[in-house]
Amino acid sequence: KNIKKDSNLITIAIHGTAQSKYWNNPTGWQEVVDWLNDKGYKVKLLSRENDGYMGNPHPTGIIKHPEGPLESVMDEMRKSKAFIGIGSGLSWLSWALGTKTVLISGFSYDWAEMEDCIRIGSPEGKCVGCFNRLRLDAGDWNWCPDHKDTNKQFECTKAITGKMVIKELEKFL
């Protein structure tokens, strides 16, 4: 299927199957979406989850992709200039489709994700890699084996700032 690129479209997916996979910086997504919008990009959210799913609000200034078959999500990925996501299946799908993929992840080690994506991981000195060191408890949405119920819970992605992601985006947008 021949898909025409849209140089003004950036696709994102903010949801995953456990809170540890999310970008847990409370302002991160909004900072990135605002920056992209200011640069003239349309930002389309490909996640099917509703706004506020499991306490995770959608950023404002986005277009929500309508419910439909996975093929329509794939078409949007192929059309977009880049895809920004978390450690989830949609990031792997974007990468497999050959779309420039920006991955925001701290719950895994660098070597556990696709090699040729743009990966923004935990800053030096912050917790990292629990998903590769320990078995995920799929029944615990807030699984954070090293820091659960402390002020360091999800620090691996809380510490990834919008500025860190924007710095990587500036290199090719």
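Some points to look at:
- In the chain, the calculated helix contribution to ellipticity at 222 nm averages -7000 deg cm²/dmol per residue, counting -39,500 (n - 2.57) for every DSSP H run with n ≥ 4.
- Near Lys44, the amide H atoms lying under 5 Å from its own belong to Ile10, Thr11, Ile12, Ile63; only residues 5 or more places off or on other chains count, and H is placed 1.01 Å from N.
- With every protein chain in place, segment 67-134: carbon and sulfur % of accessible area (1.4 Å): 55
- Candidate lysines - alpha carbon under 29 Å from Lys148, same-chain residues fewer than 8 apart omitted: Lys21, Lys126, Lys158, Lys163
- Rounded to the nearest 20, the Cβ-based charge dipole of segment 42-156 about its Cα centre (Lys and Arg +1, Asp and Glu -1) stands at 340 debye.
- Whole-angstrom gap from segment 1-38 to segment 101-173, using each part's C-alpha centre: 15
- Once the 1.4 Å probe is applied to the protein heavy atoms, the chain comes out at 51 Å² accessible per residue.
- Nearest-ten-degree value, helix 70-79 long axis tilted from longest Cα axis of the chain: 70
- Residues of the chain were split at every exposed loop site, defined as GluC sites (Glu not before Pro) in a DSSP loop with at most 16 other C-beta atoms within 10 angstrom, and the longest piece left, sites excluded, is 1-48.
- Subtracting the Cα-Cα distance of Asn151 and Ala138 from 0.36 nm times their residue separation leaves 2.5 nm of extension gain.
- The stretch between Glu115 and Trp92 holds 7.2 nm of extra length on full extension. This uses 0.36 nm per residue minus the Cα-Cα distance.
- Order of exposure, largest accessible area first, which applies to Lys44, Lys163, Lys126 with probe 1.4 Å: Lys163, Lys126, Lys44
- Here the Karplus curve 6.51 cos²θ - 1.76 cosθ + 1.60, taken at θ = phi - 60°, turns the phi angles of segment 33-39 into couplings of 4, 4, 4, 4, 4, 4, 7 Hz, with x standing for Gly and Pro.
- Residues in segment 1-31 reached by a label modelled at Thr60 [backbone nitrogen below 19 Å; 7 Å Cα→Cβ]: 26-31
- Interchain or long-range residues, amide H under 5 Å from Asp6's placed H: Ser80, Lys81
- Fraction of C-alpha pairs exceeding 20 angstrom in segment 17-113: 37 percent, rounded to a whole number.
- Ranking Met77, Met54, Met164 from most to least accessible surface, computed with a 1.4 Å probe over the protein chains only, gives Met54, Met164, Met77.
- For Asp140, the accessible surface of its heavy atoms amounts to roughly 40 Å² (probe 1.4 Å, protein chains only, rounded to the nearest 10).
- DSSP beta bridge pairing in the chain, given as percent antiparallel to the nearest 5: 5
- Chymotrypsin sites (Phe, Trp or Tyr not before Pro) restricted to segment 96-151 and DSSP loop, no more than 12 other C-beta within 10 Å: Trp141
- Relative contact order, whole percent, for the chain stands at 27, derived from Cα pairs under 8 Å and 6 or more residues apart.
- Among Ile63, Ile14, Ile160: highest mean-square fluctuation, GNM of the chain, C-alpha pairs under 10 Å: Ile63
- Solvent accessible area, Å² - Asp38, 1.4 Å probe, full protein context: 140
The values are calculated or read from the model by the stated rules, or taken from the named source; none is laboratory data. Only a predicted model underlies this, so the values are computations on that prediction, with no experimental measurement involved. Quick reminder, even Gly has a Cβ in these numbers, built from the backbone with ideal geometry, and neighbours come from all protein chains shown. The area values use the complete protein model at the heavy-atom level, side chains included, leaving out ligands, DNA and RNA. Shrake-Rupley method; radii C 1.70, N 1.55, O 1.52, S 1.80 Å.
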